1. Counting only residues 5 or more places away or on other chains, whose amide H sits under 5 Å from the amide H of E139 once H atoms are built in the peptide plane?
2. Where in the range 332-355 does the label zone of R22 land, with the point 7 angstrom along Cα→C-beta and an amide N cut-off under 11 Å?
3. To the nearest 10 square angstrom, what accessible area does K2 show with a 1.4 Å probe?
4. Cα-based count: Lys pairs in the chain below 29 Å, eight or more positions apart or different chains?
5. Compute the separation of the alpha-carbon centres of the range 91-123 and the range 176-209 and state it in Å as a whole number.
6. Mean projection of the alpha-carbon convex hull of the range 1-50 over all orientations, in nm²?
7. If you take the C-alpha gyration tensor of the chain, multiply each eigenvalue by 5 and take the square root, what semi-axes do you get, largest first, in whole Å?
8. Calculate, for E92 and S303, the FRET efficiency according to 1/(1 + (r/R0)^6) with r their C-beta to C-beta distance and R0 35 Å; round to the nearest 0.05.
Amino acid sequence: MKVIVVGAGIAGLSSAWALTKRGHRVTLLEQGPVPNPLAASGDHHRIIRRAYGRGNGYGRMITEAYEAWDEMWGDLGTTHYDHRGFMCISREPGDEAEDYRDGLREGGWPFEVFDPAEAAARWPFLEPGTFRYAILSPEGGALHCRRIASDLAAWLRANGAEIRDGVRVTAVNAERGEVLLAEGEPLHADRVVVTAGAWVTKLFPDLAGRLSTYRTALAYLEPPADLKAAWDAAPVILDVGGDTDGYIIPPTGGGGLKFGTGRHKVPSADADMDRAPWPDEGRAILRHFAPPMARLDDYRVASVVTCAYTFTADERFTSLARGRCLVVSSCSGHGYKFGAAVGRRVAMAVETGAHDSLLAWLEARAA
């Protein structure tokens, strides 16, 4: 089949990869460069881990995600995964870090528990006395997003796929399998896969009630000199406890020390708007991390990067089949780690037409 994929974030690149491997003729369209730093998956690095709360279906999907990444590493001839483990810090009974601990226990995945004194001694960027305990698991680390995108684009070109970057799609006719470019050029295919992230509601405005767009931002920091070695060797920090919804990725894969929090997001009517950092936005992000992080006044904000995400109400992935078109939204703030697996599942759905199975998997509701 001839397949057009709209959007070259991780879901689009992975879908193009899986479809190309299955022998389909793929054209991948991207409004910016590949990788696109404005895309939801266009940053330097993202977390992959096994931890989800008890009963959360995504915990079942992680093994498939790891297998899909291993398949991709084999095709790329290299691994863009820093397997440094991950840590969670609990500050309140029943907080998300504790839920992750319980999810690891439910899944039978390994982890260690450190009391506050042990944790602060091992990781001196933590402030003693501000948290209940820390857990450390070897089952996770950081994926190097921009390196993955660059190598996937090279693989696709080498294996016969067409990548057209710097082209903007203005409309999709799902019934006809037609994509209209900004300059007026129509493209036709047997199937169209739309993985446009936060831009998907521009192509399908009726999805605005199903997908909400948010603007958020991340702070890249320079730590104090005496803490640099500790950060260089640190695991990724999945959650800093309390209600902060904060995570940290140490320097890895060409990306610096990154702090981000789910509390630092605002609704956005347009993914292209308000992408410049706000005054003192880096410091505003840091304020969410004290406690449990120590000496944050000694950190220098190196840069602030804005992001645009789509979220469903229950923060799960979703999809929509319409005519010859398959719309896939695998964001909701935690989609990157499943990118390679999403691509394989999308390719299967394009071939079989079994959208219900894809949706059940994306929503992590399959038994």
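1. For E139, whose amide H was placed from the backbone, the distant partners under 5 Å are F86.
2. 343-355
3. 80
4. Step by step, the pairs that qualify in the chain add up to 11.
5. Centre-to-centre (Cα) distance: 43 Å.
6. Answer in nm², one decimal: 4.2.
7. Semi-axes (√(5λ), whole Å): 36, 21, 19.
8. Numbers: r = 31 Å, r/R0 = 0.89.
For R0 = 35 Å, the calculated efficiency reads 0.65.
The values are calculated or read from the model by the stated rules, or taken from the named source; none is laboratory data. Keep in mind it's a predicted model, so treat the numbers as computed, not measured. Every residue, glycine among them, receives a Cβ derived from its backbone with ideal geometry; neighbour counts consider all protein chains shown. Accessible surface areas use protein heavy atoms only, side chains included; no ligands, DNA or RNA. Shrake-Rupley method; radii C 1.70, N 1.55, O 1.52, S 1.80 Å.
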